[in-house]
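Single-structure report; data block below.
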Amino acid sequence: MQEAIHHSYRRDLGAGLVLRWSTVEDIERIAMLYGMVHRDKADAPLNTGAMRSIRTYMSGHYPLMGPNDFGIVEDTSRDGNPVVATTCFWKHTWTYEGIPFNVGRPECVATDPAYRHRGLVRALFEMFHARSEAEGDLAQAITGIAYFYRQFGYEYALELEDRRATPIVLIPEAREGEPESFTLRAATVKDIPLIEALYNRRQASSMVSDSTRTLWHYEIETWKKHPQLRHTFNFQVIVDTSGEAVGFVGCDASRRGKVLGVWLLEFAPGINMQSAMPPLLRALRSYGLAMETSRPDTPALQEISFSLGTTHPAHDVLGEVLDHPTEPPYAWYVRVKDLPAFLMHIAPALEKRLAASPVAGYTGDLKLDFYRDGLCMRFEQGRLVAVEPWRTPLYGADPSASFPPLIFLQVLFGHRSIEELRHVFPDIWVNPEARLLLRALFPTRPSFVFGWN
C-alpha cells in the first residue's frame with residue numbers, strides 16, 4: 001500500500017468502483033453523499049449543515065485538512081461518477097506527558113446505504129493508514145460510532161465527552177437591581193493568547209493533550225473572512241465588571257435542539273468559581289436564547305449541557321441540582337500499529353515515572369504477551385534501552401503480563417487500571433513481580449483531549 005500515499009493513487013475495487021484521494025472537483029459530490037447519509041430518515045431533505053461542513057473542510061482554509069485529504073470511492077459505472085463512500089484525513093499533534101507525537105485522524109466516514117457491507121470503508125482505512133504511517137504519524141484516533149472501528153485496529157483508550165445537564169429553569173436569578181459580576185463578550189484574535197494559556201493550564205493535568213493554536217484562530221477569525229465557510233464553536237470571553245477578561249467558554253456556534261452545548265470552560269487563576277458560576281449560567285442562558293438556530297422548527301432552549309471532562313472543577317461547584325449526569329463519558333478510539341516505536345518515542349516519560357517509583361533504577365525485561373503477538377521492554381538501570389517484538393515460546397513461557405489484543409492501549413494511555421480491566425477481561429494476567437513495575441510505568445489518569453467536531 002506504499003503507493004496509496006500519493007494523491008494520484010487509484011485502485012480498482014471492481015464493479016466500476018474506484019478508490020482514490022480527492023481533488024477540488026470532488027467537493028460537491030462528497031457533500032452530496034454526506035448530506036444524504038446524515039439525515040434523520042431516508043425521505044428527509046438533505047442535511048445542508050453537513051454539506052457545508054464538507055465544503056469548509058475542503059476549502060483550503062481549514063487547519064486540519066485540505067481539498068486533497070478525502071479518501072473516496074466513486075462509482076464510475078453511473079452517470080456523474082457519484083461518490084459512494086468517504087473518510088477524510090485530519091492532521092493533529094498531541095502530546096504524551098509533554099512529548100509531541102503526530103496523530104492521523106479519520107473523520108467524516110460515510111457510505112451510501114446501497115453500497116454498504118461491501119468492505120468499502122475497510123479499503124478506505126487501508127489507504128488512510130498507509131498514508132498516515134508514511135507521513136510519520138505514530139498513532140491514529142477517531143471519535144467514531146460505537147464498536148465499528150474496532151474492526152480496523154482501534155481501541156477505546158481516552159475519555160471523551162461526558163454530558164451534564166443544567167435545566168435553565170433552575171438557574172438562580174440575580175438579586176433585583178444588582179449588576180452581574182461576570183458577563184460574556186465575543187472572543188477576538190487579541191484574546192487567543194489568554195484562551196490558549198488557560199487551555200494549556202487545563203491540559204497540564206492530562207497525560208495526553210492536543211496542540212490547538214491554528215484551530216483557535218480558525219474558529220475565532222478565519223471563517224469570518226470566507227462567508228461560504230462555517231465554524232463549529234463560538235468562543236466567548238468571560239469579563240468582570242471592569243471589563244477585564246477572566247476566562248472563556250467554548251459553546252456551540254448554532255443550536256439544533258433544546259440544548260446549548262458548552263465544551264470548554266476555563267477561569268483565570270484566582271477567580272472564585274463558586275461566585276462566578278451563577279452569573280455565568282445566566283449569561284449562557286441569554287446567549288443560548290439569542291443564538292442562531294439551525295432550522296425554523298428548532299425547539300426552545302431548555303438546558304445547558306456541559307461536556308468538560310469528568311475531572312473539571314465546575315461539576316463540584318454546580319452540585320447535584322445544576323449538574324445532572326445525562327450521559328457517561330464516551331471514549332476516543334486510538335490505534336497504535338507500531339507499539340515498540342511509540343514506546344521508545346515516549347521513553348523519557350516512562351523513565352521519569354520509573355525514577356520516582358519504588359522500583360527506580362530497574363534493570364530487566366518486561367515481557368508483554370498480547371496472545372497473538374507481544375513485545376519486550378528492556379531496561380538497564382532505569383533506562384528503556386530497547387522495545388522489541390516478542391512472542392511467548394512453546395515451552396518455558398515467562399511473560400510478565402498478558403493482555404487480550406489492543407486492551408493494553410487502555411493501560412498505556414492511562415484510561416483504565418489493570419485492576420479495573422481485570423474485572424472485565426479474565427484473560428488479563430500479571431506476574432506479581434511485574435505488577436509494581438507496570439503501575440510505575442503506566443499510572444491511571446484521565447486525559448482531556450478536545451475533539452474539535
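The values are calculated or read from the model by the stated rules, or taken from the named source; none is laboratory data. Everything numeric in this text was worked out from a predicted model, so none of it was measured. Cβ coordinates were reconstructed from backbone atoms using ideal geometry, including for glycine residues, and neighbour counts include every protein chain displayed. Keep in mind that these areas ignore ligands, DNA and RNA; they rest on the heavy atoms of the full protein, side chains included. Shrake-Rupley method; radii C 1.70, N 1.55, O 1.52, S 1.80 Å.
Between the range 342-409 and the range 134-194, what is the separation of their alpha carbon centroids in Å?
Between the Cα centre of the range 342-409 and that of the range 134-194, the gap is 34 Å.
How large, in percent, is the carbon and sulfur part of the accessible surface of the range 266-411 at a probe radius of 1.4 Å?
Using a 1.4 Å probe with all protein chains present, the range 266-411 comes out at 53 percent carbon and sulfur.
I need the fraction of alpha carbon pairs in the range 297-453 separated by more than 28 Å, rounded to a whole percent.
Across the range 297-453, Cα pairs with separations above 28 Å total 34 percent.
Which percentage, to the nearest 5, of the DSSP beta bridges contained in the chain is antiparallel?
Of those bridges, close to 90 percent are antiparallel.
Peptides 273-280, 349-356: what's the order by average Cβ count within 10 Å, highest mean first?
The most tightly packed comes first, giving 273-280, 349-356.
For the pair Thr326 and Asn272, what calculated FRET efficiency results from E = 1/(1 + (r/R0)^6), where r is the Cβ-Cβ distance and R0 = 30 Å, to the nearest 0.05?
The value I calculate is 0.65.
Across the chain, how many lysine pairs, 8 or more positions apart or on different chains, have C-alpha atoms separated by under 19 Å? Please give the number.
So the count works out to 4.
Place the peptides 372-379, 124-131 in order of packing, highest mean first, counting for every residue the other Cβ atoms within 10 Å and averaging per peptide.
Listed from highest to lowest mean packing, they are 124-131, 372-379.
Residues of the chain: accessible area per residue at 1.4 Å, in Å²?
It amounts to 46 Å² per residue over the chain.
Can you give me the distance in nm between label points at Asn200 and Ser77, each placed 7 Å from the Cα along the Cα-to-Cβ direction?
5.5
Would you work out the charge dipole size for the chain about its Cα centre, treating the Cβ of every Lys and Arg as +1 and the Cβ of every Asp and Glu as -1, and quote it to the nearest 20 debye?
Approximately 460 debye in magnitude.
Scale the Cα Rg of the range 1-158 by the rule-of-thumb value 2.2 N^0.38 Å and send over the ratio, two decimals.
1.03
Scale the Cα Rg of the range 98-172 by the rule-of-thumb value 2.2 N^0.38 Å and send over the ratio, two decimals.
1.52
In nm, give the distance between the simple-model label positions of Arg122 and Thr188, each being 7 Å from the Cα along the Cα-to-Cβ direction.
Roughly 5.5 nm, to one decimal.
Going by average Cβ density within 10 Å per residue, which order do the peptides 406-416, 438-448 take, highest to lowest?
406-416, 438-448
What are the ³J(HN,Hα) couplings of the range 258-264, residue after residue, when phi is run through the Karplus curve with 6.51, -1.76, 1.60 and θ = phi - 60°? Round to Hz, x for glycine and proline.
7, 10, 9, x, 10, 10, 9
So, in nm, how far is label Ala300 from label Asn102 when the simple model puts each one 7 Å beyond its Cα toward the Cβ?
With each label point 7 Å from Cα toward Cβ, the separation is 5.2 nm.
Any chance you could check the Cα centroid distance between the range 265-283 and the range 39-63 for me, in angstrom?
Distance between centres, Cα-based: 35 Å.
Keeping all protein chains in position, work out how much accessible area Asp338 exposes to a 1.4 Å probe, and write it in Å² to the nearest 10.
Roll a 1.4 Å probe over it and Asp338 shows about 80 Å².
Could you list the chymotrypsin sites (Phe, Trp or Tyr not before Pro) in the range 207-244 that lie in coil according to DSSP, counting only those with at most 13 other Cβ atoms within 10 Å of their Cβ?
none
Ignoring everything except DSSP H segments at least 4 long, calculate the 222 nm mean residue ellipticity for the chain; use -39,500 (n - 2.57) per segment, divide by total residues, nearest 500.
Counting only the DSSP helices, I get -8000 deg cm²/dmol.
What part of the accessible area of the range 1-142, given as a whole %, is carbon or sulfur when the probe is 1.4 angstrom?
Ligands and nucleic acids excluded, carbon and sulfur give 49 percent.
Per residue, what volume in Å³ does the Cα convex hull of the range 153-213 take up?
Residue-normalised Cα hull volume stands at 182 Å³.
Could you calculate the contour length gain from Ala134 to His217, that is, 0.36 nm times the residue separation minus the distance between their Cα atoms, to one decimal place in nm?
Stretched out fully, the Ala134 to His217 stretch lengthens by 27.0 nm.
For the range 213-347, just the Cα atoms, rotate onto the principal axes and tell me the three extents in Å, largest first.
51, 40, 33
Which whole-percent values make up P(r) of the chain when all C-alpha to C-alpha distances are grouped in 10 Å steps starting at zero?
With a bin width of 10 Å, the distribution comes to 4, 18, 26, 25, 18, 8, 1, 0, 0.
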